[in-house]
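Participant: Here it is, the structure, as structure tokens.
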Amino acid sequence: MPVPPNTLSPRPGAGLSRRGALRSGAAATLAAARLLAPSLFVGCSLGIPPRAPKVRIGLLHSQTGPLAIGSTSLRDVELDAVERFNAAGGILGYSIDPRAPDPRSRTDLFPKRAATLLDEGAVALFGCWSSASRKAVLPLVEDRDSLLFYPVQYEGNESSRNVIYGGQVPNQQVLPALDWLRSGPGGERKKFFLLGSDYVYPRTTNFVVRKWLAGTDVEVVGEEYVPLDTEDFTFVVARIRESGADCVLNTVNGAGNIALHAAFAEAGIDPAKVPLVSTSVSEDDLRSMPAADVAGHLVLSSYFQTVDTPANVAWMADFRREFGEDRVFGDSMEAAWCLINLWKAAVEQAGSFATEAVRQVFAAGIGLDGPAGRMTIDPATQHATKHFRLGRVRSDRLCDVVVSSDGPLAPDPYPQVAFPGWKCDWTKGGLQRGPEVSIDG
Amino acid sequence: MPFDLSWFYDIPTARAALLMVGAFVAFYWAGAVIVRPILRMFVRRAPGLNDLIGYILSCFCVFYGLLLGLIAVTAYQNVESAEQNVTREAAALSALYEDVSRYPDPHGQDLRWLIRDYTRYVIKYAWPLQQQGIIPEEGTIRAEALFDRLLDFEPKTPGDQILHAEALRQINHFLECRRLRLHSVRAGLPRAMWIVMFVGAFFNILLCWMFDTRFLTQLVLGGILAAYLGLMMYLIVDMNQPFRGEVSVSSEAFEMLFQRMLED
């Protein structure tokens, strides 16, 4: 029987079964996809917007407790500055991530909060208010070799490679004020009463003051220290009256100033005859006090809101646009703004966030035109050059500048009259120690 | 959620929906090519099983559809409740701002600043964190500062006492709404629900693979079902976290309040 030819040799195309066709189709699709994918999906993305890498900084300001009255505004100034940095593209392509925990005005909490910030990768810390808080944080930043930018006026007698000091020291604030108060325009005052909160800043400042006044015709007729949370100053005012003082150098810090000024007003003491000359009261603090209590008293500061510079006008306008037209400015706020902007400039100049690289830029000298005028960081001491200004409080709780220095004064954290033999120059070997000085004795 | 889908919320809405639908359809089609031939071996050997699968699938779809519907409603209610909490928080803050505006200075001014500061923080810092599923922490500090400062005030006149009592009532209401908002940042469907939902979707697809139909019909009809499942899943995933994704609770209530505070 003849074999049908189609059972031996398949018809052309008859061997392509459905499964075979599927296989071929799939293989062809995969091959085509492989070939075309690079050009088809070029530029394709899920549409997730790119995020700039972040660098964290720590803002160490009390937002509750007695020190919150002044330090909360410093946080606002720094946040405002950081927001502007980020809006302009960040620093070195990094977005700055500010963290602001609350040390609650407790000295023991400052180093704890600082440690947490550094553990979380903060490249620099901005803040501290009282000297006690700064000194509590100091060992930590030195141990971790980080940088602390301290924006508040302080007593001097300190220098650290890990701190950039943006506030005034006595030779830029208290000492020129003493000379002016003794002079004719200052009222030729001869009897000074030294009043302060009971911690390191007032005690050291008053130590320097006593040394400065020794040998002059001025007599220190009393010296009193009160706890930081004191709310009743009646007994202090009574002692001032008894002493016959014609001037009170006030180094009370925080909310206690409200009660102090109230007690002064209640006692009917005329500020023209016995003014409170305050070192730790700014226009930002004054708004918390009734105008009748504060008008006529004197304030020592590097910056006043009434300082008429283009930089100040622009700064206040920018800040108020964000935080409200009724916001008031103070000396430490200005210093905080200058310090964070100087840090930005230093990081950009160094091309790095690393502590040593940034410190090298400060060691070479760096400055900016701040709201209060030119501010530079002295490479020798890492302290800021500052203007001296003495203001009289007006009835609207702003200050008229009564006397000011011709230009920024160089910082001297160790006035030789108080700390003989002590000197700091980080460009030439660092701290030169003199004989130990006992502040209390 | 049982697995991290945080990146999903960063994708623009249309693309995210397309991605989810595409993933479901691709999964279905891949199964139709790879798994279906194996499953069909069982189906072919049992005549009439196609009808049985159809019957089971329709029953299953009723229950699964109900489940999906209820979950979608729950997710939507979560979003709505979060939105209401945000509106109430902003309203309480606004009322508080009005109350403290009548306080004597410096208390009144301090409190106004603190309320503005809190509102600004919520808009500029808390919201972006919430959109990443992170509970913002520093708002608590600001709320505490506000509460502390309010408690510092000692009313001296009967009028001040009434005003202070009302301000305290408002701040308590505000704190309650704030707590609810923070709670809803990470609120979402429980893990068990996600497992049931995804396993249910898988069974749905599995039953479709078992149908003995032409290959092209299988791809088209099954693909449509898979696409709809994907779309439903997208809806639930998107609404699961009220503050995440493009379609989420916005900070508009706070922004309007802050703008009004700045203009005052």
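Values in this text are rule-based calculations from the coordinates and carry no lab data. What you are looking at is a predicted structure, and each value in this text was computed from that prediction instead of being measured. Don't worry about glycine lacking a Cβ; one is built from the backbone with ideal geometry, like all the others, and counts go over all protein chains shown.
Participant: Within 10 Å of each Cβ of B:105-114, how many other protein chain Cβ atoms are there on average? Before the final figure, lay out each step's value.
Facilitator: Numbers: counts 7, 9, 1, 0, 6, 5, 0, 2, 9, 3.
Averaged over the peptide's residues, the number is 4.
Participant: For residue A:309 and residue A:198, compute 0.36 nm times the residue count separating them, minus their Cα-Cα distance, and round to one decimal in nm. Numbers along the way, then the final one.
Facilitator: On the way: separation 111, 0.36 × 111 = 39.96 nm, distance 3.64 nm.
Length gained between residue A:309 and residue A:198: 36.3 nm.
Participant: Continuing with the same structure: Beyond 26 Å, how much of the Cα-Cα pair distribution for region A:118-274 remains, as a whole percent?
Facilitator: Working: 4302 of 12246 pairs.
Summing the P(r) of region A:118-274 above 26 Å gives 35 percent of all pairs.
Participant: Also, I was wondering about something else. Between residue B:176 and residue B:80, what length in nm is gained on full extension when 0.36 nm per residue of separation is reduced by their alpha carbon distance?
Facilitator: Roughly 32.8 nm would be gained on extension.
Participant: Under the rule of -39500 (n - 2.57) per DSSP H run of 4 or more residues, summed and divided by the residues of chain A, what mean residue ellipticity at 222 nm is obtained, to the nearest 500 deg cm²/dmol?
Facilitator: Numbers: 14 runs with 167 residues, N = 441.
Rounded to the nearest 500, the figure is -11500 deg cm²/dmol.
Participant: Relative contact order for chain B: what percent, with Cα pairs under 8 Å and sequence separation of 6 or more? Can you show the working numbers first?
Facilitator: Working: 258 pairs, mean separation 114.3, N = 264.
Computed over chain B, the figure is 43 percent.
Participant: When you count, for each residue, the other Cβ atoms within 10 Å and take the mean per peptide, how do A:188-196, B:12-20 rank with the highest first?
Facilitator: On the way: A:188-196: 20.6, B:12-20: 16.1.
In descending order of packing, they fall as A:188-196, B:12-20.
Participant: Would you mind putting A:384-390, B:173-179, A:368-374 in packing order, based on average other-beta-carbon counts within 10 Å, highest first? Provide the component values of the computation, followed by the final result.
Facilitator: On the way: A:384-390: 25.1, B:173-179: 18.3, A:368-374: 20.0.
Highest to lowest by the protection proxy: A:384-390, A:368-374, B:173-179.
Participant: Between B:136, B:104, B:242, where does the largest GNM mean-square fluctuation fall for chain B, given springs only between Cα atoms within less than 10 Å?
Facilitator: It is B:104.
Participant: Please work out the FRET efficiency for the pair residue A:357 and residue A:439, using the Cβ-Cβ distance as r and a Förster radius of 35 Å; give the result to the nearest 0.05. Walk me through the intermediate numbers first.
Facilitator: Details: r = 36 Å, r/R0 = 1.03.
Calculated transfer efficiency: 0.45.
Participant: Quick one: what Rg and Dmax do you get for the protein assembly as shown from the alpha carbons, in Å?
Facilitator: Cα-based Rg and Dmax for the protein assembly as shown come out at 35.5, 146 Å.
Participant: In degrees from 0 to 90, rounded to the nearest 10, what is the angle of the helix A:200-213 Cα long axis to the longest principal axis of chain A?
Facilitator: Between helix and principal axis, roughly 40 degrees.
Participant: Beta carbons within 10 angstrom, averaged per residue: use that to sort the peptides A:255-262, A:357-364, highest first.
Facilitator: Ranking the peptides A:255-262, A:357-364 by packing returns A:255-262, A:357-364.
Participant: Please list, by residue number, everything in region A:71-89 whose backbone N is under 16 Å from a paramagnetic label point 7 Å out along Cα→Cβ of residue B:148.
Facilitator: A:71-76
Participant: Within a Cβ distance under 12 Å of residue A:102, other residues only, what is the Lys/Arg minus Asp/Glu net charge?
Facilitator: Numbers: positive: A:75, A:99, A:104, A:106, A:112, A:113, B:142; negative: B:137, B:138, B:144, B:148.
Local charge sum for residue A:102: +3.
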